[in-house]
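Report on one structure; see the data block that follows.
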Amino acid sequence: MALLVSTMQRFSTKGLFLSGLFLFAMFMGAGPGLYIAAVRPVTLGPFPGFYLWTISWFFVLAGIVVYASATLWSKEDEED
Amino acid sequence: MSIPVIVLLIYGLALVGICWFGYRRGKITEEDYYLAGRGQGVVVTTLTIMATFFSSAALLGIPGLIYKDGLGFFPFALNLPLSGAAIYLLGSRISRIGRRRGYVTPGDMVADYYGGSSTIRLLVALIGFLYVLPYIVMQIKAGGYLAQRMFPDAGTLHFLGSPYSMFDVGISVLSLITMLYVLVGGMRSVAWSDVLQGVLLLTGMLLAGIATVCAMGGIGSFFRQVSDLPPEALTIPGPSGKWTPWKLLTICLFASLATMIQPGQWMRYYAARSTNTLRKSAVIFSTVLPFCFLFGVMLVGIGGRVLYPPAVTDAGIMPHEMVGSKTSEVDQVVIVMVQEHLPALLGPLGVVVVSIILVAILAASMSTADSNLHALSAVLTRDVYDRFIRPEASEKERAWVGRSVIVVVTLLALWLVKVGASNPSFKPLELIATLSFVAMAFSCQLLPATLDMLFIGKGSRAGAVAGMTSGIFIVLLFTPFSALFGESMAASIDGLTGTLKNLFDIGFCGFVVNASVMVVVSLCSKPVDAERAKAFRRDMQG
């Protein structure tokens, strides 16, 4: 636990929040979150619900990477 | 001259040009040969990382799995934003310190951090080798299958009195051309050919998806037909019952990170011009590549399932007769889909588009084979020959050894493919095919030490050695090597590993043991020298 706390202290609050959100999106899109959307076939219009579910979480994950790059990582690069 | 031949010739000529460019621009130094002078910009870095990441699996294997297992395998694409993020999160630290300290291989960095340990350097080299060799063999084999499909009427060719099938011609041409441009131009040729191959790969993935949707009547009609598939093809765990949520999650988390720290990618972080380059590459990778998957080539697999439904038999899931005659031939679905439907949809232009997609598959194979050959050459030369065989070797001698490694590994891989294809009683390919599934699991065993070195800083040298050794041992239990423990023991091991394999990614299983052993042994052994760790962190963080 002490190891976890000391490692986490090295990262900013925003970095930790984005990491948590990213893991949550992975958990929902490619993990146990699939029990909500992919255990029985559902359609929304012509689209299978499972496909739309995967696409939605892809946009969340990609959005987090783009946001982290524009805010956290670009700041790190400027300090370099 | 047929259109596929013309497209192939244009591609071949472009590769020759790139090889010449790499040779002319190169300097005769080890750093230049392996890292192209550490000056690669955003376009080259992004496309070479993408092309190295995706082998023929991108255009053959993954659509094949979707053809077999339906939408159950779609969430696999979500590993790509994580892999993209890893390019910056891991790559920027590796790149900074690599530039400052002149590292060339992963072993240089890991061994330096843990106190110049020879054991660690050898273990890192072994993990790299276990990842790389199966991948080279599989790419060469894909070249053979592709040649058979591109020129089905070519028959047998005779050369110096010996008969050669199109499979033989395909594997020989792919391996020889790849070997030549890696030999001549080093990293510069490999990276620039990856640019061409990466563009072809992305174009091929998108074109194949768009063509499939158009051939099936447009977006609405396509998805209506997909929605009418049997329920098991639209849900988890899919018809084969393999894709449970925890297995998908552990694959997405651990297999992707393992692939991003394999020797070829690690050396690309060293070769990048700056961390800013890696940041931009991370964003492009995380957005463009999954887009090409989810809106491109993955749709071909599911469309193939609609048009050519596979059958569930006692032997497994058998492809439709149009796709193949063996369970392993499900991965031919992309080739069948584009060859059967594009010419009818687009007329003469369709033949050109089919040829471009087939050359894209060839490019995907070559781009992975070249990067892995090049990386393996660096690892065996710097981490083994230079450290343990002839430490006094000059730079020129090391360069020649590196080139010799490329020739030997290419010929070894070619021999394994050839013998495996011609002699049913000799089956090294079966072992290698099995190993290719666990290749990423081997690479994953470098992850605990890498995370400790880059972010945590609490592990010890003894902990890293014990962790990596136990991780490799655990992954070996998932391979046919478990037979070495005797029949009854092997049966128990196979039972346990079979259960675990159905629940989780193999690399994750090794990772858990590896990280646990590393933590326990690190707590009981001498930590990394504080001054060295501090200097290391300073150089890594800028």
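If you check B:L476 against the conditions, is it in a helix (DSSP H, G or I) and within 19 Å of B:L253 (Cβ to Cβ)? So that I can check it myself, show each step before the final result.
Details: in a helix (DSSP H, G or I): yes; within 19 Å of B:L253 (Cβ to Cβ): no.
For B:L476, the condition - in a helix (DSSP H, G or I) and within 19 Å of B:L253 (Cβ to Cβ) - is not met.
Residues being surrounded by 18 or more Cβ atoms within 10 Å (Cβ to Cβ) and facing chain B (nearest Cβ under 8 Å): count how many of those fall in the stretch A:26-41. Break it down stepwise before answering.
Kept after step one, since they are surrounded by 18 or more Cβ atoms within 10 Å (Cβ to Cβ), are these residues of the stretch A:26-41: A:26, A:28-31, A:33-34, A:37-38, A:41.
After this cut, where a residue has to be facing chain B (nearest Cβ under 8 Å) as well, the list is A:26, A:29-31, A:33-34, A:38, A:41.
Counting residues in the stretch A:26-41 that are surrounded by 18 or more Cβ atoms within 10 Å (Cβ to Cβ) and facing chain B (nearest Cβ under 8 Å) gives 8.
Check the stretch B:106-117 and report whether any residue there is among the hydroxyl-bearing types (S, T, Y) and surrounded by fewer than 24 Cβ atoms within 10 Å (Cβ to Cβ). Before you say what the answer is, go through the steps one by one.
Initially, the stretch B:106-117 is screened for residues among the hydroxyl-bearing types (S, T, Y), giving B:113-114, B:117.
From the residues that got through so far, the ones that are surrounded by fewer than 24 Cβ atoms within 10 Å (Cβ to Cβ) too are B:117.
The answer is yes; a qualifying residue exists.
Go through A:T71, A:T54 for me and flag whichever is more than 7 Å from chain B (Cβ to nearest Cβ), open to solvent by less than 60 Å² (accessible area, probe 1.4 Å) and of a type in the set (S, T, N, Q).
Working: A:T54 fails: more than 7 Å from chain B (Cβ to nearest Cβ).
Selected residue: A:T71, the only one of A:T71, A:T54 that is more than 7 Å from chain B (Cβ to nearest Cβ), open to solvent by less than 60 Å² (accessible area, probe 1.4 Å) and of a type in the set (S, T, N, Q).
Out of the residues in the stretch A:57-68 that are touching a residue at least 12 places away in the same chain (Cβ under 8 Å) and more than 7 Å from chain B (Cβ to nearest Cβ), which is surrounded by the fewest Cβ atoms within 10 Å (Cβ to Cβ)?
Here the answer is A:Y67.
Taking the conditions exactly as written (more than 10 Å from every other protein chain (Cβ to nearest Cβ) and open to solvent by 10 Å² or more (accessible area, probe 1.4 Å)), does B:R268 satisfy them or not? So that I can check it myself, show each step before the final result.
Numbers: more than 10 Å from every other protein chain (Cβ to nearest Cβ): yes; open to solvent by 10 Å² or more (accessible area, probe 1.4 Å): no.
No; evaluated as a whole, the condition is false for this residue.
Assuming B:W243 fulfils every condition listed in (1) open to solvent by 40 Å² or more (accessible area, probe 1.4 Å); (2) aromatic (F, W, Y); (3) not in a helix (DSSP H, G or I) apart from one, which condition is it?
Unmet condition: (1).
When the stretch B:1-51 is examined, which residues are found to be buried (at least 17 other Cβ atoms within 10 Å of the Cβ), outside any helix (DSSP H, G or I) and modelled with pLDDT of 90 or more?
Result: B:Q40, single match.
What do you reckon, is B:A272 among the aliphatic types (A, V, I, L, M), closer than 16 Å to B:L89 by Cα and over 18 Å from the mean Cα position of the chain (by Cα)?
So B:A272 fits the description; yes.
May I ask you to verify whether B:I356 is open to solvent by less than 10 Å² (accessible area, probe 1.4 Å), assigned to a helix (DSSP H, G or I) and touching a residue at least 12 places away in the same chain (Cβ under 8 Å)?
On the way: open to solvent by less than 10 Å² (accessible area, probe 1.4 Å): no; assigned to a helix (DSSP H, G or I): yes; touching a residue at least 12 places away in the same chain (Cβ under 8 Å): yes.
Judged against the criteria, B:I356 is not a match.
From the list B:L446, B:L477, pick out the single residue that is open to solvent by 20 Å² or more (accessible area, probe 1.4 Å), in contact (Cβ under 8 Å) with a residue 12 or more places away in the chain, aliphatic (A, V, I, L, M) and under 22 Å from B:T259 (Cβ atoms). Steps first, please.
Values: B:L446 fails: open to solvent by 20 Å² or more (accessible area, probe 1.4 Å).
Answer to the check: B:L477.
For B:S92, all conditions in the list (1) facing another protein chain (nearest Cβ under 10 Å); (2) surrounded by fewer than 24 Cβ atoms within 10 Å (Cβ to Cβ) hold save one; what is the number of the exception?
Of everything listed in (1) facing another protein chain (nearest Cβ under 10 Å); (2) surrounded by fewer than 24 Cβ atoms within 10 Å (Cβ to Cβ), B:S92 misses just condition (2).
The values are calculated or read from the model by the stated rules, or taken from the named source; none is laboratory data. Bear in mind the structure is a predicted one, so any value in this text is a computation, not a measurement. Every residue, glycine among them, receives a Cβ derived from its backbone with ideal geometry; neighbour counts consider all protein chains shown. Surface accessibility is based on the protein's heavy atoms, side chains included, excluding ligands, DNA and RNA. Shrake-Rupley method; radii C 1.70, N 1.55, O 1.52, S 1.80 Å.
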